[in-house]
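The values are calculated or read from the model by the stated rules, or taken from the named source; none is laboratory data. Just so you know, these numbers come straight off a predicted model, no measurement behind them. Note that we place each Cβ from the backbone using ideal geometry, even for glycine, and neighbour counts take in every protein chain shown.
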Amino acid sequence: MLVENNENTRLDSYIASRIEISRVAVQRLIEQNNILVNSKIQKPSYKVQINDEIYMEESNPIDTKIIAQEIPIEIIYQDDDIIVVNKPKGLVVHPANGNPDGTLVNAIMSICKDSLSGIGGEIRPGIIHRLDKDTSGVLIIAKNDKAHINISEQIKNREVNKIYVALVRGQVPENNATIKMPIARSTKDRKKMAVSKTGKEAITHFKVLKRYKNYTLLEVKIDTGRTHQIRVHLSEIGYPVIGDSVYSNGKNEFNVQGQMLHAESIEFKHPTTNKNIKLEAKLPEYFESILKELK
């Protein structure tokens, strides 16, 4: 990783800004001497300079304390570097307060415990990117640090193409459009996100796949990965995702549990072969059933 800008930024902050891992995880790697700057060990507080060469050494797979659980998960693709799954709605990606187990990570641990990236820390082994609990679809998990770093940088550089399908309330008049509204934590409810002038850049593109009497089926592509981004943006312009209990004023005319938002496909370069890969996750049965009902 060659430093091209951000002169005088802390080493841990710079790396965390380049790939999707926390500063704490970066600091852990620095402490383990797995990060070198110009072939030398530096402290997390080291101020990076233009043309500094940062090398991240692959560490041994983490010995996590997470319990492996046999939770049914559809595997879309798997090799020595990555495992790609179709996450069902209702499944939390990794353990957190209130969800100590029964997560996607617990399921993945039962599939490949001895081969997961350790960059994310003990509770997030292999996790490169996330989907909300009630969003279904394609998700990549890294089996080693090299794959984790490579794909994280692709995401950071907006080289990963993620396509979602969403059923929203109302008839969207535009055939396609782009939403550019910054997103931040809501000042009224800390559990929610909101459009805010002081927020981080968030860009969402959509196009209409089909219009129904009171609903629209959209294909959605995001350039940025802010928390709840698609749900917040679509709600903000007046077309909330069906079933979204947080951003749709509690309306749920189809009595679905969780929002009708599905990560349908993801396209990226393989971290080892550099070959282009496009993987798809079919729509859940309940989603297909509601679409048939609307016809």
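Quick rundown of the values:
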quantity	calculated
Any hit, the stretch 261-284, residues being part of a loop (DSSP other than H, G, I, E, B), more than 29 Å from Asp81 (Cβ to Cβ), touching a residue at least 40 places away in the same chain (Cβ under 8 Å) and not β-branched (Val, Ile, Thr)	no
Flag if Ile76 is among the aliphatic types (A, V, I, L, M), modelled with pLDDT of 80 or more and farther than 18 Å from Ile149 by Cβ	yes
Qualifying residues in the stretch 34-69 (those that are of a type in the set (S, T, N, Q) and modelled with pLDDT under 75) - the one farthest from Ala147 (Cα to Cα)	Gln69
Number of the condition not met by Ser235 [criteria: (1) surrounded by 15 or more Cβ atoms within 10 Å (Cβ to Cβ); (2) at negative phi; (3) in contact (Cβ under 8 Å) with a residue 40 or more places away in the chain]	(3)
Some residue of the stretch 85-107 being surrounded by 17 or more Cβ atoms within 10 Å (Cβ to Cβ), modelled with pLDDT of 85 or more and under 20 Å from His270 (Cβ atoms)	yes
Test: residue in the stretch 194-210 that is acidic (Asp, Glu) and in contact (Cβ under 8 Å) with a residue 24 or more places away in the chain	no
Residue that is of a type in the set (Val, Ile, Thr) and part of a strand (DSSP E or B), where the choices are Val168, Val172	Val168
Every residue from the stretch 245-269 that is touching a Ser or Thr at 6+ places or on another chain (Cβ under 7 Å) and either closer than 30 Å to Asn150 by Cβ or surrounded by 22 or more Cβ atoms within 10 Å (Cβ to Cβ) (or both)	Gln259, Leu261, His262, Ala263
